[in-house]
RNA sequence: GCUGUUGUAGCUCAGGGGUAGAGCACUUCCUUGGUAAGGAAGAGGUCGAGGGUUCAAUUCCCUUCAACAGCUCCA
């Protein structure tokens, strides 16, 4: 038997006897790697560690630190769950059970059997017992006929439906213990490494995501190789609950919802408004520096405007319905997008190639009829404000403009403490071109330009098909917050379609009419969503320049209220925001209340301070900065009080 | 939009066929207190909305609205 040339991730090539397994390779590298190995990537495909490699291959061994390793681990955990469930509920029918971002789920049909927290615990217990048995996951190739026979006999209609859609010859079963499942794999070698198990929740989910189908029970769970990691994860979940922007938004009096106003329509309270307006000021200033011109457009527009833009055709049916005027049969739509309005601004006069690029920026509030079940705090609402702008430029300027926008977006992220971000190039779905408008050539060009611009700035990008807007491809920015959760924020889009639909033109150096290109962009995305993410990122402890209340002045007793008031007045003159807590309470109480409200600075004044004309500065969290003159306080933190700048 | 759960004071929640309770917040009084809750008294609710069953409904039933979780969707 000949040898296989195995290329390792570092580029080195090792020879192994043909038929070597991933485990064998891992062992040859190190004992430690063998212990931690979970799956292996073979020529770009993820395999089981004990599957034989018969040809030359480039491989990478995955451990818990790799997505490929985690997915195999959780996928195997889903099978372990199924095995435990079947042991306790014979006859249960299984849907699908994939690994997900955090753990796994399995869709099951338990008939009318009630299934709640107690049942989850029971299954969890059985899973732990079964994991200890350390059964191997055994892969077998089966023919379609065999597969159908097996599940017909077992009586599992969902699996039969799945097999029906599969190609004969590419069907595999996996078995561990007494449990056999239709599965493509890959799996970890044995159940043993699954040491820490938590079944998290039960929810309804339609078979194959179609509401016409039967609703199955979807059981979510997560597993880890170590108990400690599970505990950390559960702690993180608790922490996420504490940081939930809906909870903090209420506690910190930032925003509210009212049934009377209508669902998904946020009311910004005074403190939330300060926060929001600070963000706006920050962005306005950055945009002026970047050459944008602010514009303002109305909240409604003639239906015809959106027919022209294509939005009506695409989203009209599912939107807020047109507003009809009493007299004439005019129809208006609540503005769902700012771009058509900006196109009309562009058209107010003839444009020369020398005028371009023109950049119109607007904090434009738009209204979209989101499905009721989709509404979620500030992250998904029906009326929201985009930090929108449209750049009209010549085709030869697209890339350079795109790069400038990337710089702006990254500046925003940096200023707000989002250090971890990735960018997604959202492309069109090549299988379903009818979803999009415009011809292939322009799409290809736009997709290329986005990728080039991203590369130029050294952005780490992932391309995802089918995520484009209907008029053009996008570069979407995802940030990771302090708890490691990913959020989609800013977006930049190249658009060749709207200029065509609105017949936008400019006169070129050749004295001929040309069509400009539009770039849509919103670094925050929407202020609502951005504020939500920011709240959860910093747990309500906003950077000083954003804090709705930057200080509180806490007199030790009412004897010092006058002095305290002077302190407040002086700071307000320096545009520093804060309030006087002159309640008839002890200072300990006032400190506690300011701490709970997450006020960054507590300025304590008593006899000593009043005498010396000083303040005692306590930072949120308890740090004592000692006593100082007011002017020293202001100059010490003046940088933090003001807007970050480019 | 679909399925499930929930809806009681400003907030967090208890209760239950005979029209309601706690803690915090609020108001007043006492207290003038030096770095995370000083004390006392008081006020506050069509028990989400509409309908039904009943002598009697906040409680049981139906409808509806909203929130929450999940599914589908997202210019």
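The values are calculated or read from the model by the stated rules, or taken from the named source; none is laboratory data. Note that the coordinates shown come from a computational prediction; the quantities given were computed from them, not determined experimentally. Note that we place each Cβ from the backbone using ideal geometry, even for glycine, and neighbour counts take in every protein chain shown.
Here are some notes:
- Segment A:174-184: number of residues that are surrounded by fewer than 18 Cβ atoms within 10 Å (Cβ to Cβ) and in contact with a strand residue (DSSP E or B) (Cβ under 7 Å, 6 or more places away or on another chain): 2
- Taking segment A:108-182 and the helices (runs of 4 or more DSSP H) fully enclosed by it, the elements with 1 or more residues that are in contact (Cβ under 8 Å) with a residue 60 or more places away in the chain are at A:117-133, A:157-164.
- Contact annotation: no residue pair with Cβ atoms under 6 Å, 6 or more positions apart or on different chains, pairs a residue in segment A:458-470 that is in contact (Cβ under 8 Å) with a residue 12 or more places away in the chain with a partner that is more than 13 Å from RNA strand B (Cβ to nearest atom) and part of a loop (DSSP other than H, G, I, E, B).
- Which listed residue, of A:483, A:459, is within 17 Å of residue A:398 (Cβ to Cβ) and outside any helix (DSSP H, G or I): A:459
- Residue, farthest from the chain's Cα centre (by Cα), within segment A:198-243, restricted to residues that are surrounded by 17 or more Cβ atoms within 10 Å (Cβ to Cβ) and more than 30 Å from residue A:158 (Cβ to Cβ): A:225
- Failed item in (1) crowded, with 24+ Cβ neighbours inside 10 Å; (2) closer than 16 Å to residue A:38 by Cβ; (3) within 25 Å of the chain's Cα centre (by Cα), with residue A:77 passing the rest: (3)
- When residues of segment A:600-646 are limited to those that are near RNA strand B (Cβ under 9 Å from one of its atoms) and in a helix (DSSP H, G or I), the one nearest to residue A:417 (Cα to Cα): A:609
- Conditions (1) out of contact with any helix residue (DSSP H, G or I) (no Cβ under 6 Å at 6 or more places or on another chain); (2) modelled with pLDDT of 95 or more: number failed by residue A:638: (2)
- Counting only residues that are away from RNA strand B (no atom under 14 Å from the Cβ) and over 19 Å from residue A:532 (Cβ atoms), segment A:244-283 holds 1 of them.
- Output for segment A:597-617, where each listed residue is in contact (Cβ under 8 Å) with a residue 24 or more places away in the chain and within 41 Å of the chain's Cα centre (by Cα): A:597, A:598, A:599, A:600, A:601, A:602, A:603, A:604
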